[in-house]
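**Student:** One structure, pasted below without further comment.
Coordinate-derived values only; no laboratory data. Since the structure is predicted, the reported quantities are computational estimates derived from the model, not experimental observations. All Cβ positions, even for glycine, are placed from backbone atoms using ideal geometry, and neighbour counts span all protein chains on display.
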Amino acid sequence: MWRNSAVRLAAGCLSLPLLICLLALLAGRNGHVVNLDSVLATPSASHWLGCDALGRDVLDRLAEGVRLSLAISLSVVALGAALGIGIGMLAGWYGGWIDALLMRLADIVLSFPGILLAIALAAMLGPGVENLLLALVAVGWVGFARLSRVQVMSLRHIAWIEALRAVGLGFPAIAMRHLLPNIAAPLLVEASFGVAAVMIGEAGLSFLGIGVQAPDASLGTMIREGTRLMLTSPLLVVWPGLLLFMLVMAINLLGDALRDHLDVRY
Amino acid sequence: MCNHSIYQLILVRLLQTLPTLLGVVTLVFFLLHLVPGDPVDALLGETAQAADREAMRQALHLDQPLMVQYVHYLQGLLHGDWGKSIIDQHDVLARLTERAAATFRLAMVSLLLAVLMAVPLGYIAARRHGQTADTAAMVFSLLGVSIPNFWLGPMLILLFSVTLGWLPVSGMEQPGAIILPAITLGTALAAILSRMARAAWLEAMALDACRTARAYGVSELRIWWWHAARLALLPVLTLFTLQLGAVLGGAVITETVFDWPGLGLLTIEAIQRRDYPMVQGCVLLIALCYVLANLLADVLTLILDPRQRHVA
């Protein structure tokens, strides 16, 4: 995969945000130190990218934002994938009313624009990272469920799977040891695009004020705070968005490369 | 595989929408019950007078059993009673229709912009397959899907309003005010559509029919824009119709960035004021439009692409 120029571009795009995180971790700095002497300070040797409206170091907050965005999107995709794949495999394997019920549930979720449903759920559940995760997972599981359902349905009647049933293997064992490895490729591709989508979703919700709350820094909250000061300190909105953009683009590129590499078509 | 008439197929598709609609309404109804603890506490604070609490409880019908509330809600929706704002007692449906026009205008301009960008881009990319123009078009498409609209908006404002002073920062009264929000909302769509157009055009050009047309001496331009385009633009049209509804989701964020007084901004205002009936109304209306757009996409495909009629 490394020969692919898109993958190298993706690695390049990923390296800057990750480097910022790593440096902040190594230096043991955090983005919460309020320093009223350096409110909206311009870039200097001690604050490479200047300070925000509360005198907090922008670079440190960016590092925290990248970390939070990555942590949230990876956990949402992991939770959504676990839930969705479980539901999809159950529906595909058993069929009948279980399938009908679960897929109607998926249809309802798909009847909303994803971001709108996430906004509505997060707004009703109230602020906080747990509720943000909940809202994003509630939207994110559906893609995995539909994908794994279709795959399991086509595998179910293949002779060697039937043979496993004939020797008395139960559904959990067949699912974990035999079905999952065979349907993993498209799910991996879905997951990689999912990380990019969730990252934008999380930042969007935080931008709207219903995701990550102050004083925590997420790239979305930083863009939100930055737009208010756009006329005086335009760079405050430029940096977090640029990092988010680079992360999302890198993940999309990796998703494309992964799809080509695994030869997945859907 | 049986051959139903197209009217039967459309009717079936229409009927299939009914349970979906019921599902949407049900989920929106339960949104209010997601508010942790007692929604009345969330609205009035825990120190409110007992009488006020009781009045609020009655206004939201929370004093009745869940099933009764649900039936009541459904009946209200069907009679055009979408509830009242708990902030200013304004009728929810009336407020929604007031605001829908602005969103409709923004959505139409963005969609038009997206198509005008995507089709030529997809065409150039396919025509110059593997060359620089193709790469450039695909890089644009990659940038377009990756750029978050709540960042693209501020960047456009910084460039065109603050630095160059060409266009207004926000609102919709001044001339040209629609341009930046429309670009912000339309970019992602243009990126997705151009990608689809390129792929579909390449696929169509590889068909025997196009090769035969070329062998017959049909002009290259006519092959691309008549023989291939009719096939290639079909999935583009389907995707476009599917995105009609998705644009409304994006409008929530774009309208917030630009203070564009449409449904999206109304949603966010209602969320900030904890005006739950208004939030429910906004979400319901946008979801209904989304479901109808999906329905339209399916029906259009059935009408325009005879092959689909056998699949169904």
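**Student:** Each residue of the stretch B:93-105 in turn: what ³J(HN,Hα) in whole Hz from Karplus with 6.51, -1.76, 1.60 and θ = phi - 60°, glycine and Pro shown as x?
**Tutor:** Listing the rounded values in order: 5, 4, 4, 4, 5, 4, 8, 5, 4, 5, 5, 4, 4 Hz.
**Student:** By counting other Cβ atoms within 10 Å of each Cβ, how are B:54, B:255, A:130, B:173 ranked from fewest to most?
**Tutor:** B:173, A:130, B:54, B:255
**Student:** Could you let me know the centre-to-centre spacing of the stretch B:11-67 and the stretch B:230-269, using Cα atoms, in angstrom?
**Tutor:** Here the two parts' Cα centres lie 27 Å apart.
**Student:** Put a dot 7 Å past each Cα toward the Cβ at residue B:6 and residue B:128; how far apart are the dots in nm?
**Tutor:** That separation, rounded to one decimal, is 3.8 nm.
**Student:** Using a basic spin-label model with each label point 7 Å from the Cα along Cα→Cβ, how many nm lie between residue A:40 and residue B:91?
**Tutor:** 4.6
**Student:** Next up: With an 8 Å cut-off on Cα pairs and a minimum separation of 6 or more residues, tell me the relative contact order of chain B in percent.
**Tutor:** 26
**Student:** With θ set to phi - 60°, apply the Karplus curve 6.51 cos²θ - 1.76 cosθ + 1.60 along the stretch B:298-305 and write out the HN-Hα couplings as whole Hz, x wherever there is a Gly or Pro.
**Tutor:** Residue by residue, the stretch B:298-305 yields 5, 5, 4, 4, 4, 6, 7, 10 Hz.
**Student:** Assuming R0 = 45 Å, what is the FRET efficiency of residue B:17 and residue B:136, from their Cβ-Cβ distance, to the nearest 0.05?
**Tutor:** FRET efficiency, residue B:17 to residue B:136: 0.65.
**Student:** Another question, then. Quick one: divide the alpha-carbon radius of gyration of the stretch B:154-292 by 2.2 N^0.38 Å and tell me what you get.
**Tutor:** Taking N as the residue count of the stretch B:154-292, the ratio is 1.45.
**Student:** From the Cα gyration tensor of chain B, with a ≥ b ≥ c the square roots of its eigenvalues, which class applies: rounded if a/c is under 1.5, or else prolate if a/b is larger than b/c, or else oblate?
**Tutor:** Cα axes put chain B in the oblate bin.
**Student:** How large is the convex hull of the C-alpha atoms of the stretch A:116-266 per residue, in Å³?
**Tutor:** Working: hull volume 19.8 nm³, N = 151.
It is 131 Å³ per residue.
**Student:** Hey, another quick one. Taking other Cβ within 10 Å of each residue's Cβ, how do A:239, A:141 sort, fewest first?
**Tutor:** Details: A:239 21, A:141 26.
Sorted ascending by nearby Cβ count, the order is A:239, A:141.
**Student:** Report P(r) for the stretch B:7-98: all Cα-Cα distances, bin width 5 Å, range 0 to the bin holding the largest distance, values in whole percent.
**Tutor:** Cα pair-distance distribution for the stretch B:7-98, in percent: 2, 11, 17, 21, 18, 13, 7, 4, 3, 2, 1, 0.
**Student:** Separate question: Quick one: grab the alpha carbon gyration tensor of the stretch B:1-159, order the square roots of its eigenvalues as a ≥ b ≥ c, and give me rounded if a/c is under 1.5, else prolate or oblate depending on whether a/b is larger than b/c.
**Tutor:** Values: a/c = 3.00, a/b = 1.68, b/c = 1.79.
Oblate.
**Student:** Using the Kyte-Doolittle scale, which helices in chain A average at least 1.6 and also have C-alpha atoms spread 15 Å or more along the helix axis, with helices defined as whole DSSP H runs?
**Tutor:** TM-like helix candidates: A:5-27, A:114-125.
**Student:** Find the eigenvalues of the gyration tensor of the Cα atoms of the stretch B:246-309, then list the square roots of 5 times those eigenvalues as equivalent ellipsoid semi-axes, largest first, in whole angstrom. If you can, show how the numbers build up before the last one.
**Tutor:** Values: eigenvalues 203, 33, 7 Å².
Over the Cα atoms of the stretch B:246-309, the ellipsoid semi-axes are 32, 13, 6 Å.
**Student:** Sort B:290, A:94 so the one with the fewest other Cβ atoms within 10 Å of its own Cβ comes first.
**Tutor:** Neighbour counts put them in this order, fewest first: A:94, B:290.
**Student:** Would the protein assembly as shown count as rounded, prolate or oblate if I go by the C-alpha gyration tensor, calling it rounded below 1.5 in a/c and otherwise prolate when a/b exceeds b/c, oblate otherwise?
**Tutor:** Rounded, since a/c falls under 1.5.
**Student:** Now a separate question. Could you work out the mean projected area of the convex hull around the alpha carbons of the stretch A:105-153, in square nanometres to one decimal?
**Tutor:** Result: 3.5 nm².
**Student:** Let me ask something else. For a bin width of 10 Å, list the pair-distance distribution of chain A built from all Cα-Cα distances, rounded to whole %.
**Tutor:** Going out from 0 Å in 10 Å bins, chain A shows 7, 25, 28, 21, 12, 5, 2, 0 percent.
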